[in-house]
Structures are given as C-alpha cells and as structure tokens.
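The values are calculated or read from the model by the stated rules, or taken from the named source; none is laboratory data. No experiment lies behind these values; they were computed from the predicted model shown. Here the Cβ is made from the backbone with ideal geometry for all residues, glycine too, and neighbour counts use every protein chain on show. Remember, those area values only see protein heavy atoms, side chains included, never the ligands or the DNA or RNA. Shrake-Rupley method; radii C 1.70, N 1.55, O 1.52, S 1.80 Å.
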Amino acid sequence: MTTEDKSGTPLPADISLANRYGGPKRRLSRNAKRGAGIAALAAGIGFLAWVSTSSAMSSVTFKDIGYRTVDATQTEVDFQVSRDPGTAVKCAVKALDSKFAIVGWKVVDVPAESGQGAATDGGRTVALREVLRTESQSVSAVVDSCWVPGADR
C-alpha cells in the first residue's frame, strides 16, 4: 500500500492574505485619542514634578577647591560642602596617581554644626581641608561624592 503525497494538493480556499496577515487595522476613536493625549500629558507633568522635587531634595553639593601633594605619602584636599543647616554629611575624598588609579581614599564626616571649617551663608556651606594618606605620589585629589548618612543615595 502506498501513501498519497499531499504536498501537491491545493490549499483550502479559506486561507487568504487577510487570514495570514490580519485584516485592516482599526483606527482609534476620537474619544480614545483624546484620552490617550490627556494620559500622556498627565504623565509628562508628573515626571517633571518628580524631577524638580527630587533635585531640590538632594540638598548636598560639593565643590573641589584644590589640592596639595605634601610628599609621596600625604596629600591635602581643599573643598566646600553645601547642605541644609544642621545636617550632618559624609564625603568620600580620593587621591589619584598619574594613571588615574586611586592611591588614597577617606570618608570625611562633616558634622551638622561644623566648627571644622569656615561656615558661610548661615551655616549652609563649609570649607574643609582634609589630609589623605597615600600609598604613592598623587597628582590630583578630588571629592568623589557627598551624602546625608541614613538617607537613600
């Protein structure tokens, strides 16, 4: 007994381009377009509000003032930290060699009421000088980051 070869038989008539690729796309109604536009506008306004308030809440900023390499084992870093008055802050300070490798690193505590530097603008900004111990000669020193302890970074 032999089996029939069905590959040569024609396909049924109900298989057509519309069945294979789908029919014409339906257009959105006027109300659906208006609703989508309002939703997009509300999402945009919400995003802008979030961006503006999140940057205002991140109230710790820092500025590198300078550095001085004392010798192969010490570097002094001068910087300013601005934060809300009465807020304790921590800053990570690093010294780099000529290949940008970190040769010194320290986390500096900036107390809420800082007698550590010269406080200006009502206690918001404080100038600091920190001595870093280094493992080799540094060619630069910078503040890596500053944050409020206990707050999400």
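Just a yes or no: is a residue in the stretch 68-81 assigned to a loop (DSSP other than H, G, I, E, B), closer than 14 Å to Ser145 by Cα, without any contact (Cβ under 8 Å) to a residue 60 or more places away in the chain and not aliphatic (A, V, I, L, M)? Break it down stepwise before answering.
The initial filter retains those residues of the stretch 68-81 that are assigned to a loop (DSSP other than H, G, I, E, B), namely 72-73.
Add one more test, that the residue is closer than 14 Å to Ser145 by Cα, and what stays is none.
No: zero hits.
When the residues of the stretch 104-115 are filtered to those that are of a type outside the set (Ser, Thr, Tyr) and either in contact with a Pro (Cβ under 6 Å, 6 or more places away or on another chain) or outside any strand (DSSP E or B) (or both), the one that is nearest to Glu135 (Cα to Cα) is Pro111.
Note on the stretch 62-98: residues that are open to solvent by less than 70 Å² (accessible area, probe 1.4 Å) and in contact with a Phe, Trp or Tyr (Cβ under 8 Å, 6 or more places away or on another chain) amount to 16.
Within the stretch 82-103, the set of residues being over 15 Å from Asp64 (Cβ atoms) and assigned to a strand (DSSP E or B) comprises Val89, Lys90, Ile102, Val103.
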